[in-house]
Amino acid sequence: MAKQMAFYFDASACIGCKVCQVACQDKNNLAPDILWRRVFTYGNGSWIKISNTYIPNNVTRYFISTACQHCENPLCRNVCPTTAISKSADGIVLINADKCIGCRYCEWACPYGALQFNEETNAMTKCDFCEDLLAQGNNPACVDACVMRCLDFGDLNELRMKYGNLAAIEPLPSDEITHPSFVLTPHKHTQLTGQGTGRILNLPEEL
């Protein structure tokens, strides 16, 4: 396989601080409603009321930081009618804003919700892996910002050798759909994709 840049995420260490999310917005000067990287809170369980006290019943939660997965089979590229989306020699999925007509087909096709529409420019936007920083020999902004060192990046094969092959936990979709360039270490309460009994707890915040 040709070189494929990828992200790694350690769910077992993430505290949900969202510094990675803020760093991405700051570096790319994004509007508050445009999130190229998002941190989801996924939780299980309930609270049972006994007398005037609520008792936790199998309550668990974990966080997952996700962005564009720079998929090996990017559906966004496949559906784009103007060929505005392409993969670089390093496997990074990029959008040519000059070709984008704002039809939003890519947004609907992406199972990760990674593509974000910019109403001011009438064009789609997304994580570009901080390609400009990589060209200077620096790390992506989200990786450097993570206070718990939950994020890493590199060649997909090398990351898999180091961390394993897991790429699909709740609330992420199956990795069989697009073959994401993503590797993760699970939290102790992690539920695999398709086996989840919980829900996203901070969804309104992310919309």
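Each value in this text was obtained by applying a stated rule to the coordinates, not by laboratory testing. These figures come from a predicted structure and were not determined experimentally. Neighbour counts are summed over all protein chains in view; Cβ atoms, including those assigned to glycine, are modelled from backbone coordinates with ideal geometry.
Rounded to 0.05, the FRET efficiency of the Thr121 and Asp90 pair, given R0 = 30 Å and the Cβ-Cβ distance, is 0.75. Rounded, prolate or oblate: which fits the stretch 52-154, taking a ≥ b ≥ c as square roots of the Cα gyration tensor eigenvalues, rounded meaning a/c under 1.5, else prolate when a/b beats b/c? Here the stretch 52-154 falls in the oblate category. Every helix of 4 or more DSSP H residues in the chain counts as -39500 (n - 2.57), and over all residues that averages to -4500 deg cm²/dmol at 222 nm.
Short-range pairs are left out: with C-alpha atoms under 8 Å and at least six residues apart, the relative contact order of the chain is 31 percent. Multiplying the residue separation of Asn57 and Asn78 by 0.36 nm and removing their Cα-Cα distance gives an extension gain of 3.1 nm.
Rounded to the nearest 10 degrees, the inclination of helix 19-28 to the longest alpha-carbon principal axis of the chain is 20 degrees.
Pairs exceeding 20 Å between alpha-carbon atoms, taken from Lys3/Lys188; Lys27/Lys126; Lys87/Lys162: Lys3/Lys188; Lys87/Lys162.
The Cβ shell under 10 Å around Lys3 holds other residues with a net charge of -3, Lys and Arg each +1, Asp and Glu each -1.
The Cα atoms of the stretch 85-207 give a gyration tensor whose axes a ≥ b ≥ c have a/c of 1.5 or more with a/b no greater than b/c, which makes the shape oblate.
Please list, by residue number, every one of the chymotrypsin sites (Phe, Trp or Tyr not before Pro) in the stretch 21-89 that is coil in DSSP and has at most 14 other beta-carbon atoms within 10 Å.
none
Working note: Debye formula, equal point scatterers on the alpha-carbon atoms of the stretch 1-98, no solvent; log10 I(q)/I(0) at q = 0.12, 0.14, 0.23 Å⁻¹ is -0.60, -0.74, -1.23. Among residues other than Ala97 with Cβ under 12 Å from its Cβ, the summed charge is -1 (Lys and Arg +1, Asp and Glu -1). Considering only Pro140, Gly198, Ala167, and ranking their Cα positions along the charge dipole of the stretch 64-207 that arises from unit charges at the beta-carbon of Lys, Arg, Asp and Glu, the one farthest toward the positive end is Gly198. Taking the stretch 64-91 and a reference point 7 angstrom along Cα→Cβ of Leu201, the backbone N atoms nearer than 13 Å belong to 64. In loop segments of the stretch 153-207 as defined by DSSP, the trypsin sites (Lys or Arg not before Pro) with at most 10 further C-beta atoms inside 10 Å of their C-beta are Lys188. Working from label points 7 Å from Cα in the Cα-to-Cβ sense, the Trp47 to Ile101 distance is 5.1 nm.
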